[in-house]
Amino acid sequence: MTITRRNILLGAAAGALAAPFIRPDTARAADFSYKIANNQPMEHPSNIRLTEAVARILEESSGAVDIQIFPSNQLGADTDVLGQLRSGGVEFFQLSPVILSTLVPNASISGIGYAFTDYDAVWQAMDGELGAYARGQIENAGLVVMDKIWDNGFRQTTSSTKPIVTPADLEGFKIRVPVSPLWTSLYAAFGSAPASINFAEVYTALQTGIVDGQENPLAIMKVAKMWEVQPPGLSMTSHMWDGFWLLGNRRAWNALPEDMQQIVAKNFNASADQQRADVMALNATLKGELESEGFVFNDVDPKLFEDKLREAGFYAQWKDTYGEDAWAILETAIGRNLA
């Protein structure tokens with residue numbers, strides 16, 4: 001399927017109208033009525049492809065598995081929903097591995113600053129040994145995780161006060177970061193003043209001046225209308241790649257018969273592959289769209305930022321935190337030494 005901005009918006013509208021879906025056998029209630037939550041708006045490619053996945057699951061299970069989507073932090077902030085996932089209040093949840101590290105510390109290893117140079121490196125690692133290592137850590141913490149990680153994207157930096165062009169521009173800079181030690185550590189290494197704020201509160205924090213900037217992939221900036229509260233500078237720092245693991249509550253997962261588990265996993269993983277392609281296609285057009293909304297783009301030299309992290313001891317600190325074995329898996333996956 002070819003994805004355009006128009007397809008994405010139309011798909012989002014259709015998805016919103018279609019839930020809850022009409023069961024194939026309307027005389028029968030679903031055997032398993034589950035919820036899946038995330039922090040993304042319905043127009044984000046994740047929820048468009050998720051809408052398709054749950055529709056296929058409903059059909060292929062003959063109405064036995066009915067999964068409803070709760071986007072945009074409708075069930076609470078990320079850290080709150082993670083607690084609900086563990087208790088069984090929600091059965092599935094899409095979450096960044098860096099935020100997941102509040103429960104599974106080494107899950108965040110894929111978010112190390114400047115680990116990945118491009119998408120080829122990302123997918124080789126995350127569909128290979130590094131992704132397998134992360135999934136093992138997640139499963140050891142008592143959660144179910146699908147094989148394929150969904151794409152969030154390379155994260156960029158916006159500022160309402162000054163252009164961010166060199167690491168020195170981040171000194172003393174008040175920046176919102178997600179609730180995660182890795183994000184806080186990264187910006188502390190730059191000499192910034194990071195503030196951990198859940199995504200649901202970011203727009204207000206920027207609007208009221210609690211922070212002067214934020215960092216997110218371009219697709220998130222577009223759907224969240226960040227230009228309204230972050231004129232004028234958007235710096236292409238690409239300081240971190242981020243994704244979304246699709247997590248499951250183990251009790252809810254084990255309640256599904258094996259054939260139903262296979263249907264759910266197959267469709268979630270297929271939609272993850274499709275969503276990755278969607279995000280890449282969307283990224284190709286987003287710079288022009290965001291410029292038309294008033295953002296001024298600043299190109300930066302990523303090596304300057306990586307060198308600053310190394311000088312500040314960021315990589316050495318996290319090598320110690322993750323351990324030699326995990327760090328070796330990371331460096332093998334990306335084909336170079338960081339620390």
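Just so it is clear, none of the values below were taken in a lab; they were calculated from the coordinates. What you are looking at is a predicted structure, and each value in this text was computed from that prediction instead of being measured. Note that each Cβ is placed from the backbone with ideal geometry, even for glycine, and that neighbours are counted across all protein chains shown.
Of a type in the set (A, V, I, L, M), in contact (Cβ under 8 Å) with a residue 24 or more places away in the chain and surrounded by fewer than 19 Cβ atoms within 10 Å (Cβ to Cβ): is that true of Ala312 in this structure?
yes
Could you go through the range 166-176 and let me know if any residue there is closer than 22 Å to Tyr315 by Cβ and in a strand (DSSP E or B).
There is at least one residue in the range 166-176 that is closer than 22 Å to Tyr315 by Cβ and in a strand (DSSP E or B).
Return yes when Met260 is in contact (Cβ under 8 Å) with a residue 24 or more places away in the chain, part of a helix (DSSP H, G or I), more than 29 Å from Ala30 (Cβ to Cβ) and of a type in the set (A, V, I, L, M) and no when it is not.
Spelling it out, it is not the case that Met260 is in contact (Cβ under 8 Å) with a residue 24 or more places away in the chain, part of a helix (DSSP H, G or I), more than 29 Å from Ala30 (Cβ to Cβ) and of a type in the set (A, V, I, L, M).
Identify the residue in the range 116-165 that is assigned to a helix (DSSP H, G or I) and either β-branched (Val, Ile, Thr) or on the phi > 0 side of the Ramachandran plot (or both) and, among all such residues, is nearest to the chain's Cα centre (by Cα).
Val122
To keep it simple, each residue is scored yes or no on (1) aliphatic (A, V, I, L, M); (2) free of Cβ contacts under 8 Å to residues at least 24 places away in the same chain.
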residue	(1), (2)
Thr237	no, no
Phe244	no, no
Leu247	yes, no
Ala252	yes, no
Ala255	yes, no
Arg276	no, no
Glu291	no, yes
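Suppose we keep only residues that are in contact with a strand residue (DSSP E or B) (Cβ under 7 Å, 6 or more places away or on another chain) and part of a helix (DSSP H, G or I) within the range 57-85. Which one would you say is surrounded by the most Cβ atoms within 10 Å (Cβ to Cβ)?
Leu85
Quick one: which residue in Pro163, Pro167 is in contact with a Phe, Trp or Tyr (Cβ under 8 Å, 6 or more places away or on another chain) and not polar (S, T, N, Q)?
Checking each option against the conditions leaves just Pro167.
Is the range 182-193 home to any residue that is part of a strand (DSSP E or B), under 19 Å from Leu100 (Cβ atoms), touching a Phe, Trp or Tyr at 6+ places or on another chain (Cβ under 9 Å) and touching a residue at least 24 places away in the same chain (Cβ under 8 Å)?
no
Per-residue answers, yes or no, for (1) of a type outside the set (Gly, Ala, Ser); (2) over 19 Å from Lys148 (Cα atoms):
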| residue | (1), (2) |
| --- | --- |
| Arg250 | yes, no |
| Ala272 | no, no |
| Ala284 | no, yes |
| Asn298 | yes, yes |
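Pick out the one residue from Met240, Met236 that is in contact with a helix residue (DSSP H, G or I) (Cβ under 8 Å, 6 or more places away or on another chain) and assigned to a strand (DSSP E or B).
Met240
Given the residues Phe268, Phe297, which is the only one that is of a type in the set (A, V, I, L, M, F, W, C), out of contact with any Pro (no Cβ under 7 Å at 6 or more places or on another chain) and over 24 Å from Lys162 (Cβ atoms)?
One residue alone meets the criteria, Phe268.
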